[in-house]
Amino acid sequence: MGGDLMTRKSGRRLVPAVALLTAIGLISACGEATEPADAAGKPGTATSTASGKPAQPTEPLTGAQLKGALLTAEQAAGFEITGSSARDGAAEKPSYDAEETVSPEACRHVRDATKGDGDETAAADSTMYRGKSALAPRSTNLLSYPEEAARIRMTRLREALRSCDRFRFSNAFGKASVSREVLDAPDLGDEALRFRTLSRLDEKGFSWKLVTAVRVGGVIATMDVQDITGPMSPEKLATFKPEPGPDEEVIATLIENVTGIRSA
């Protein structure tokens, strides 16, 4: 294990600070946490009440309600939460988003799976790391919609995952080619999807990203893990591949929180 740790640390040293910041901008914004922290899926199905009748769709949750569903420090034992934020309404897109192109365009649903699409009514997000010395962030995003709109967004993501095994994107930070792998999704919420992508950042290196998306009524909850490296061999690159195992418990807890807020 000591040798593996040394390999991972030396791989990170291949990325100068400026190049790393540029690469992060090229890949995505890892949440919008601004406030300090306190210390292929299954098809969607309608939830049911105890009487066996379909549950009636609820009103979209507010930003304050979504923030209340984020993981607490106690729930995320073993992780360090570095910040969180919430808002009502759709977020304003950064200027570089307006310049971004994705080819094929249908693959934008994969590229932007963890972002608001402009139709969300509220959102909350947080960022955490697995231990104080970890460099790979885990970003949680909660997006609230009318329930039918949430269903449609998950359907579009599922369809894009089926067809977008490879795609490219470019923005103000540069260009990247992306390959994706669809993984087994956890049995959570009304429907869930999980996939992993590998982005090749021109000559700057690579970025792994593991995304789990779960819909609970009109809320889409995503957790993604991102690990950016410098240029390296395929064998060494494989050692950075994120696996879902370490995050399964906190993802399940997050979905319990969302379910509880919707039922309150």
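The values are calculated or read from the model by the stated rules, or taken from the named source; none is laboratory data. Computed from a predicted model, the values in this text were never measured in an experiment. In this analysis, Cβ positions are derived from the backbone assuming ideal geometry, glycine residues included, and neighbour counts consider all displayed protein chains. Heads up: the accessible areas ignore ligands, DNA and RNA and are worked out on the full protein's heavy atoms, side chains in. Shrake-Rupley method; radii C 1.70, N 1.55, O 1.52, S 1.80 Å.
See the values below:
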{"quantity": "Which numbered condition Thr82 fails, given (1) touching a Ser or Thr at 6+ places or on another chain (Cβ under 9 Å); (2) in a helix (DSSP H, G or I); (3) open to solvent by 60 Å² or more (accessible area, probe 1.4 Å)", "calculated": "(2)"}
{"quantity": "Subset of the stretch 169-191 (residues that are of a type in the set (Ser, Thr, Tyr) and either modelled with pLDDT under 95 or within 16 Å of Leu210 (Cβ to Cβ) (or both))", "calculated": "Ser170, Ser179"}
{"quantity": "Test set (1) under 13 Å from Ala136 (Cα atoms); (2) among the acidic types (Asp, Glu); (3) open to solvent by 10 Å² or more (accessible area, probe 1.4 Å) - Asp224 fails condition number", "calculated": "(3)"}
{"quantity": "Among residues of the stretch 199-245, those that are of a type in the set (S, T, N, Q), part of a strand (DSSP E or B), in contact with an Asp or Glu (Cβ under 9 Å, 6 or more places away or on another chain) and closer than 17 Å to Leu135 by Cα, counted", "calculated": "1"}
{"quantity": "Odd one out for Thr229, checked against (1) under 18 Å from the mean Cα position of the chain (by Cα); (2) crowded, with 22+ Cβ neighbours inside 10 Å", "calculated": "(1)"}
{"quantity": "Test for Arg87: is it of a type in the set (Lys, Arg), open to solvent by 50 Å² or more (accessible area, probe 1.4 Å) and closer than 30 Å to Ser179 by Cβ", "calculated": "no"}
{"quantity": "Hits in the stretch 132-147 (condition: among the hydrophobic types (A, V, I, L, M, F, W, C), open to solvent by less than 60 Å² (accessible area, probe 1.4 Å) and under 22 Å from Trp208 (Cβ atoms))", "calculated": "Ala134, Ala136"}
{"quantity": "Residue identified as within 26 Å of Ala76 (Cα to Cα) and either within 13 Å of the chain's Cα centre (by Cα) or in a strand (DSSP E or B) (or both) among Arg262, Arg180, Arg196", "calculated": "Arg196"}
{"quantity": "Any hit, the stretch 159-168, residues being open to solvent by 10 Å² or more (accessible area, probe 1.4 Å), modelled with pLDDT of 95 or more, small (Gly, Ala, Ser) and in a strand (DSSP E or B)", "calculated": "no"}
{"quantity": "Residue match in the stretch 95-102 (condition: within 17 Å of Ala150 (Cβ to Cβ) and not polar (S, T, N, Q))", "calculated": "no"}
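Conditions tested, residue by residue: (1) assigned to a loop (DSSP other than H, G, I, E, B); (2) at pLDDT 95 or above; (3) surrounded by fewer than 19 Cβ atoms within 10 Å (Cβ to Cβ); (4) not small (Gly, Ala, Ser).
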position: Ala77; (1), (2), (3), (4): yes, no, yes, no
position: Ala91; (1), (2), (3), (4): yes, no, yes, no
position: Tyr96; (1), (2), (3), (4): no, no, yes, yes
position: Ala149; (1), (2), (3), (4): no, yes, yes, no
position: Ile152; (1), (2), (3), (4): no, yes, yes, yes
